[in-house]
Every structure is written in structure tokens, then in C-alpha cells.
Amino acid sequence: MLISYITFMDVIFLSRLQFAITTVYHFLFVPLSIGLALFIAIWETSAYNSGNSEDERVARFWGRLFLLSFAVGAVTGIVQEFQFGMNWSEYSSFVGDVFGAPLAIEALLAFFLESTFLGLWVFGRHVLPKIVHVVCIWLVFAGSCISAVWILIANSFMQHPVGYAFSNGRAQMTNFWDLISNHYFLHQFPHVIFASLCTASFFVLGISALKIRQQTEDAYLFYRTFKFALFMGGVGLFGVLLSGHLQAQMLFDYQPMKLAAMENLEKSQNPAPLAIVPGVEVPALLSIMVYHRPSGEVKGLEELQKTMEGRFGPGDYKPPVWLTYSSFRIMVFCSSIMVLILFYGIVWNLILRKAMHKKALLLMTFGISLPHVANITGWLLAEVGRQPWIVYGLMPTDKAVSDQISGGAVVFSLFVFCAIYVLLSVMLVYFMRQEILRGCVNKKITKKITNANA
């Protein structure tokens, strides 16, 4: 039997696979929800200031898509919490006194703030004063950002542990300020927020392009959101590239093994080249990125392996190089395509003020997937590149899995999660399609026009 063949080491792999699948699926919706919340808040504010019903129709349309994204993101996020107790109880026991505090604050403060005011925004449109209704959606955006803050603080401890001390074999928090001012977090948070702007921008850009291409009754409204998404996408992508560059420099100090794996740099080099693809390198470019000059040594995997062995004892301290290397390049490739799409859209539409070609509009619709792929590969780079540590330098991943869990249980739950997520995906696509077809058309106006024509 397949189930009886699974060993304890297989349980570690299966648990990691399960966490990766559930996290990747959850992370499809988190950046989208953060970015869309900001866009809707801007449109609601514009509607309040101008009294223009068209701005309100735009906000309500994108609000319906936001609600679908938020609902699936909330459901899949709950699964993440349970896995710490089910599959990773040794990890939870080891860092629970540190890791638990940010997660508790995120759930009790940020998520309840976000969900409470989201409910008020949805059901209070014709009940609350208009200014209060607008404030509600801004608080939803604030809640989503606060939620991201605490989740990233927790994750940053795994990447660069600070503010702790060992007591009875466990990590205990000793300095809350060090935890929340972790340099890794301070670099990571703006990167995630700018990535959220990119994700929402390409989502709005793609759907708006589809409606413009179809020349629907409300196409003129989507032309407005199309131009708005071009601008916000440019802001977001610039921020992503800048913050990503700063993160890469930070890795040189905090996780040099991850930096070397990103480039498959076996031996230390000065100057160090940057590989575009295997076999194609730009001389000295990696040194320029790290040092801002064409010289400077970047340590290779072999030397770093010896350093880690001297510090932690015998073992393999190299991450899966092929996955780290390819994830970085896929992320950069998607970002490059996004730059080209935005450049074309801005020049052709905003500067030359010419109508977009239908093929270009179709390309922008397919471009919705680009930031999602970049987000996923960026997450894989961050997490896989940290291996073999679940908490960098403190706890190996193979020591973190629950010692009482069976392989059969993990396989069963993995299949159940996958089946549920496939069902959620089908439902999400169906309902989003229905809302996109419905569009921003004012039903009352449409009904009057229909009756008049009759």
C-alpha cells in the first residue's frame, strides 16, 4: 500500500508540500485584496467629493469583485493557522512565545477591524452617512495593511530572528521593539505593499481592457479605470523594483547563502557576474547590485557551506539551488513583461492618446496572471532559499514537523485541501465571470432606455 510506504522523512516532505500549496493558493488573493481595497477607497472618495454617480458605480463594481477575493482569501487563511498546530507542532512549541504574539494581534486587531468595517461598507451604503461610509472602506484598507504588517513581522523572525532569548530549550521574546523593528521586516513590508498595487493594477487593467475590447455599454467607465490602473501600476512596479533591489542587498548581510543560490554561484568571485539565463552572464553586475560599484566579492556556495559547517556542525546547508535560481528568474521575467505592457499602455494611451489595438487589449487581459506568478515565485524564493532552516540559524525544518503525525493523515488532508481549493476556484471563476458580464451598467437607466425603445 502507498500509505504504509510513507516514512517519517516523507511526512516532512508532505507537510512542506501541503503548506506550500495552501500558502500559494492563499497568496493569490492577499495582494489582490490589499490593492483593490485602496482603489475602491479612492473611487468612493472621488464619488463623495464629486457627487458623481458614475464614480459610485465604478466603486460598486470593483467592490463586488473585491468581496469575492476577500472571502476566498479569508477562508484559505484560516487553514494556515491550523497547520501550525497540526503539522508543525514542534515549530509552534519552539517559537510560540515569539511567533504567537504577532499572529494573535493580526487576528484580534487587524482581521476584525478589516471584516467589521467591510460589513459596514457593504450593508451601510444607504444607511450610514456618506462620509462615514467612505471612512469604512478606508479602514478596510488600513486593516488589510495592518494585517500584512503582523504577518510579515512573524515571517521576518523566521528569516532573521531578533528580540529573543533561549529558555528551557525554547525561544522566548525579550524585546518586542526589536521584533517589530526587524530590518528584514522593514525591507519586506514595502515590497509586499507595492506588489499588491501591481497585482490590483493588472487585475483592473486586464478586466478593463476586456470590456473596452468588447465595446460594452459601460466601456467608457472602464476606459477611466484602465487609465487609472496604468498610473497605479507604474507607481507599484517602480516601488517593487526599488524595494526588491534593496532586499537583494539585505540578503548579502543576512542570508548570503540565499543570494549565492539565486545566482548558482558555486565559488566566490570578485567581481561577481549576474546570470541572465544559464550560460549567459553580465560581468560584474551582481557586484554592482550589492556594492554599487563594479568590484566587490560575493561569496559562493562552497565557501558559505564551509562557514556554516564551522558554525553549526556537519550538514548540508545549501538550499535547493535549482528552485531558488529558477524562481528568481521567473519573477524577474514577469516583472520585465509588466514593465513593457505598462510602457506600451502609457505611451500609446496617455501620451499619444490613440486607441489601443484589440490584440494589445487581449494581451493586457492575459497580463492579469503576471503579478500572481511573480508573487508566487517571489514567495518561493524567500522561503525555499532559507532552507534547510525553518527559523534561520536556530531550527532546521526537519526538526519542526509534528512527531506524532502520520504520513497517511497528511496525504488525506492534502487531497481534501486540494479538492476544496479546486471547488473554490471553480466557484470563484463562475461568480467573477458573472459580475464582469454584469459590469457597471446602471440597471435603472438601462430599464428606462429599454422601455422607451419598446
When M257, M232 are ordered from fewest to most other Cβ atoms inside 10 Å of their Cβ, what list results?
-> M232, M257
Identify all aspartates and glutamates with a Cα-Cα distance to K258 below 17 Å; exclude those on the same chain that are fewer than 8 residues away in sequence.
-> E266, E297, E302, E303, E309, D316, E383
Just tell me which aspartates and glutamates come within less than 19 Å, Cα to Cα, of K211; anything on the same chain fewer than 8 places away is out.
-> E54, D55, E56, E435
Where Rh denotes the Kirkwood radius from the mean inverse Cα pair distance, what is Rg over Rh for the range 317-392?
-> 1.20
With a 10 Å Cβ neighbour count serving as the proxy for reagent exposure, in which order, fewest first, do K318, K267, K130 appear?
-> K267, K130, K318
Cβ density ranking, 10 Å radius, fewest first, applied to V280, V11 yields V280, V11
With only helices counted (DSSP H, runs n ≥ 4, each -39500 (n - 2.57)), the per-residue ellipticity at 222 nm for the chain, to the nearest 500, works out to -24500 deg cm²/dmol
Once Rh for the range 160-206 is found with the Kirkwood sum over Cα pairs, what is the Stokes-Einstein diffusion coefficient at 25 °C and 0.890 mPa s, in µm²/s?
-> 189
How high is the relative contact order of the range 149-232, in percent, counting Cα pairs under 8 Å that sit 6 or more residues apart?
-> 23
How large, in Å, is the chain by the Kirkwood hydrodynamic radius built from its alpha-carbon pairs?
-> 24.0
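Read the figures in this text as sums done on the coordinates, not as results from a lab. Nothing here was measured: the structure is a model prediction, and the numbers come from that model. Using ideal geometry, Cβ is built from the backbone for each residue, glycine included, and neighbour counts are taken over all protein chains shown.
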